[in-house]
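K.L.:
Take a look at the following structure, please.
The values are calculated or read from the model by the stated rules, or taken from the named source; none is laboratory data. These numbers come from a predicted model, not from an experiment. FYI the Cβ positions are ideal-geometry reconstructions off the backbone, even for glycines, and counts take in every protein chain you see.
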Amino acid sequence: MLALGALLLAPGIGHAQQQGQTAQQEEPPVLFTADQMEYDETLMTVTARGNVELSQNDRVLRADVVTYNQKTDIVTATGNVVLVEPSGEVAFADYAELTGDLRDGFIDQLRVLLTDNSRLAANSARRIDGNRKEMERAVYSPCDLCAKDPTRPPLWQMKARRVVHDEETKDLVYNDAVMEIAGFPVAYLPYFSHPDPTVDRRSGVLVPRIGYSDDLGAVLGVPYYYTFSPQNDMTVEPIYMSEEGGMLLGEYRHRFYFGEVTLAGSLGYLDEREVGRETGDQVAKGHIDSEGIFHLTDRWRAGFDVERVSDRTYLKRYRLDSRDVLTSRVYAERFAPMAYTSVASYSFQGLRSFDVDEQMPLVAPYAQHRMRTAPDPNGSYFSLDATALSLTREIGADSRRVSFLSGWHLPYYAPSGEIYTLSATVQTDLYSVDDLADPTNPNRDLSGETGRVFPQVSLGWRYPFVRDAGSVRQLVEPIVNFVASPNGSNPDDIANEDSQALIFDATNLFRSNRYSGTDRVSSGTRVDYGMNFGLYGDGGGHSSLFLGQSYRLREDTTYDRGTGLEDNFSDYVGRLQISPSRYFDLVYRFRLDHEALDVTRNELSLYGGPQRFRVNLNYVKLPEQAETPEFGKREEISGGFVSQIDRNWRFGSRVVREMGDDAGMREVQATLAYADECLLIGVSYRKTFTNDVGLEPDNSIFFRIEFKNLGAIGSNQSLF
């Protein structure tokens, strides 16, 4: 039958009447439903049978039979007992005896499903104050049971004579515990505790760093995480290296109502090296990597970044970072719907072999303001970019600059489908330089003030043709861009600080100024042209090909040798992308010599394969450019794969090889890992071939073992 009705019961009936009335005022009623109900007036008991459910304060009790004694305020439940807690935990039992508010009582043959699907089981348990369970002869495991044979022991479990689950402190505490793996005992712990699954952050020891390196020896690091409050915390990790010494890593994080600060760094007492050899002494070394950001108003924010290191190869040697340049800055910036303003100061530290600290610039200040007006009824709008900076060095050129780039722009979409873009800009620059090297006379430096006014007009046109061919749409799009401006406009007495590395490719073929900065401009009159082809399928697959070139009316020294732009006709630039499905993605960027059609620049990126076996291949070939000879030519290939061997096992490898004049291996990595719902085991091997001051070819191996909710040992770096 359906439920006969619902009876609202107040806890405490049967105690003194005054107690009952007080309880009624303090406690909400219990909703009591069942298929059948019986009330014994003599014993003052309510007995419910069939789909019985009691609920109060988001706590629900279900059972086959439930008896409530109003005199003793005791609820007795038998048969398929289920108790659902407000936290989301679910307890199962054969028999339970609870108080009327379901907060206290005794449970026989308890089984608990925690919020993360971890499981607890005990012969018996007592529930105290609604937030504490004391269990006897208990077992805990987050591992799933075997679907074919649920009686088999889980992959790992903790057995204990007594387990206490304190829901207020959110701890699971074990007494006389034994850890079992695959049913075999492997460790005895007289006392052990760990947070329950509802804890997001808690002070304690994190994943230790354990490994071995030919260069550093045995490596052991034990990080400790300490939480001061919900707003700030800290991680400190002492690291011992048997062949090197010791160091301390630290990171402090503090979040404010209006911003956040992260203060990180390291300090070590380590072996001293000079020109790649050990001196026998130990010296203090370290680094700082800190940042902060503060939201001052709804539009203004300020911040800082501090990145410094004691010596050039420190970060790479101790596997802390792989960057080549560290950048420190202090800044303030303002965001508006149509404008952006910032004021900043920058300091750099170069970590490459050819970097000289005294030649690294200090930029203070660097101010910029960029804005555009709202489009008028015709769609045209004005823009303004204004910048000012001061750049100084201990050794080398100093420069100061004020620049204004104002422009008018008109996009137009013709009824025929043609797209036009007309722009007219004027760049006005004022410079003051000291000790600037004269490119025409190495024995002379240039100093003084100079300026430049550089007008430019451009007209762009493109006409996309699209045709439907069943489930595929075909695109053919010719593109032409005409740019007119004065020739020259890059005098030798203007310092080139922000436009040295020009990379000519399909992304900047149609830009009015192909340089990334302000100090150099793309002067002269030219025509850019190209063709875009594309295939786009209904299923999301697509392929595209672009090929283009530029023609300058006058050949001059605007562009340096090796850029592909030094002649009247530029090199051909192109981009090919093939992505027929999510299992294959290829991007190929190239540059072809305009006369011999030799490939002068190659960039290939390939990702392919299903999830079970995913491969990647990257190849890059860059020519040497006259403006940046210190970088030289570069040719490198790297590739790797990740194989999902089965549901739990993964294996991956990666190889990096230098090609060309300085051919040779650079790095080899391999990782094997097992992961399931409750256990992660992984081992990583890495071999490097780099030779530098403080860096030698090295073999290293690190491993990681993580037990869900208990903790982990091994490397604290991600495996994949």
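K.L.:
Checking the conditions here, which among GLN18, GLN56, GLN25 is surrounded by 19 or more Cβ atoms within 10 Å (Cβ to Cβ) and either within 25 Å of PHE92 (Cβ to Cβ) or modelled with pLDDT under 90 (or both)? Outline the logic, then answer.
P.N.:
Values: GLN18 fails: surrounded by 19 or more Cβ atoms within 10 Å (Cβ to Cβ); GLN25 fails: surrounded by 19 or more Cβ atoms within 10 Å (Cβ to Cβ).
It is GLN56.
K.L.:
Kindly evaluate ALA177 against the criterion of being over 15 Å from ASN709 (Cα atoms) and in contact with a strand residue (DSSP E or B) (Cβ under 9 Å, 6 or more places away or on another chain). Explain how you work it out, then say what you get.
P.N.:
On the way: over 15 Å from ASN709 (Cα atoms): yes; in contact with a strand residue (DSSP E or B) (Cβ under 9 Å, 6 or more places away or on another chain): yes.
Criteria met by ALA177.
K.L.:
Taking only the stretch 554-610 into account, find how many residues are surrounded by fewer than 17 Cβ atoms within 10 Å (Cβ to Cβ), in a strand (DSSP E or B) and more than 31 Å from the chain's Cα centre (by Cα).
P.N.:
2
K.L.:
Additional query: Quick one: VAL81 ticks every box in (1) touching a strand residue (DSSP E or B) at 6+ places or on another chain (Cβ under 6 Å); (2) surrounded by 16 or more Cβ atoms within 10 Å (Cβ to Cβ); (3) farther than 27 Å from ARG161 by Cβ; (4) not hydroxyl-bearing (Ser, Thr, Tyr) bar one, so which box is it?
P.N.:
Going through (1) touching a strand residue (DSSP E or B) at 6+ places or on another chain (Cβ under 6 Å); (2) surrounded by 16 or more Cβ atoms within 10 Å (Cβ to Cβ); (3) farther than 27 Å from ARG161 by Cβ; (4) not hydroxyl-bearing (Ser, Thr, Tyr) one by one, VAL81 breaks only (3).
K.L.:
Within the stretch 76-124, which residues are touching a residue at least 60 places away in the same chain (Cβ under 8 Å), among the charged types (D, E, K, R) and under 22 Å from GLU677 (Cα atoms)?
P.N.:
ASP116
K.L.:
Further question on the same structure: Just one of ARG111, ARG127 is part of a strand (DSSP E or B) and modelled with pLDDT under 90; which is it? If you could, list the steps in order and put the result at the bottom.
P.N.:
Numbers: ARG111 fails: modelled with pLDDT under 90.
That would be ARG127, the only listed residue that is part of a strand (DSSP E or B) and modelled with pLDDT under 90.
K.L.:
Let me ask another. If a residue has to be assigned to a strand (DSSP E or B), touching a Lys or Arg at 6+ places or on another chain (Cβ under 9 Å) and under 17 Å from LEU315 (Cα atoms) to count, how many in the stretch 328-368 make the cut?
P.N.:
Number satisfying all stated conditions: 3.
K.L.:
Suppose the filter is at pLDDT 90 or above, exposed (fewer than 15 other Cβ atoms within 10 Å of the Cβ) and touching a Lys or Arg at 6+ places or on another chain (Cβ under 7 Å); does TYR551 pass it? Talk me through it step by step, then tell me what you get.
P.N.:
Details: at pLDDT 90 or above: yes; exposed (fewer than 15 other Cβ atoms within 10 Å of the Cβ): yes; touching a Lys or Arg at 6+ places or on another chain (Cβ under 7 Å): yes.
Answer is yes for this residue.
K.L.:
Considering only residues of the stretch 644-702 that are surrounded by 16 or more Cβ atoms within 10 Å (Cβ to Cβ), among the β-branched types (Val, Ile, Thr) and touching a residue at least 40 places away in the same chain (Cβ under 8 Å), which is nearest to LEU220 (Cα to Cα)?
P.N.:
Looking at the filtered set, the residue picked out is ILE701.
K.L.:
So, in the stretch 172-196, of the ones that are under 20 Å from PRO86 (Cβ atoms) and in contact with a Lys or Arg (Cβ under 9 Å, 6 or more places away or on another chain), which residue ends up modelled with the highest pLDDT?
P.N.:
Kept after step one, since they are under 20 Å from PRO86 (Cβ atoms), are these residues of the stretch 172-196: 172, 195-196.
If we keep only those that are in contact with a Lys or Arg (Cβ under 9 Å, 6 or more places away or on another chain) as well, we get 195-196.
Details: PRO195: 85, ASP196: 82.
In this case the residue turns out to be PRO195.
K.L.:
Keeping to the stretch 64-85, report how many residues are modelled with pLDDT of 85 or more and within 42 Å of the chain's Cα centre (by Cα).
P.N.:
Counting residues in the stretch 64-85 that are modelled with pLDDT of 85 or more and within 42 Å of the chain's Cα centre (by Cα) gives 3.
K.L.:
When the residues of the stretch 395-433 are filtered to those that are of a type in the set (Asp, Glu) and assigned to a strand (DSSP E or B), which remaining residue is farthest from the chain's Cα centre (by Cα)? Talk me through it step by step, then tell me what you get.
P.N.:
Initial filter on the stretch 395-433 (of a type in the set (Asp, Glu)): 398, 418, 429.
Then keep just the ones that are assigned to a strand (DSSP E or B); that gives 398, 429.
Numbers: ASP398: 38, ASP429: 39 Å.
It comes out as ASP429.
K.L.:
Would you tally the residues in the stretch 281-322 being exposed (fewer than 14 other Cβ atoms within 10 Å of the Cβ) and within 20 Å of ASP698 (Cα to Cα)?
P.N.:
So the answer is 1.
K.L.:
Now for a different question. Six or more apart or on different chains, Cβ atoms under 6 Å: show the pairs whose first residue is in the stretch 425-447 and touching a residue at least 24 places away in the same chain (Cβ under 8 Å) and whose second is of a type in the set (Lys, Arg) and assigned to a strand (DSSP E or B).
P.N.:
ASP429/ARG452; TYR431/ARG401; SER432/ARG400; ASP438/ARG444
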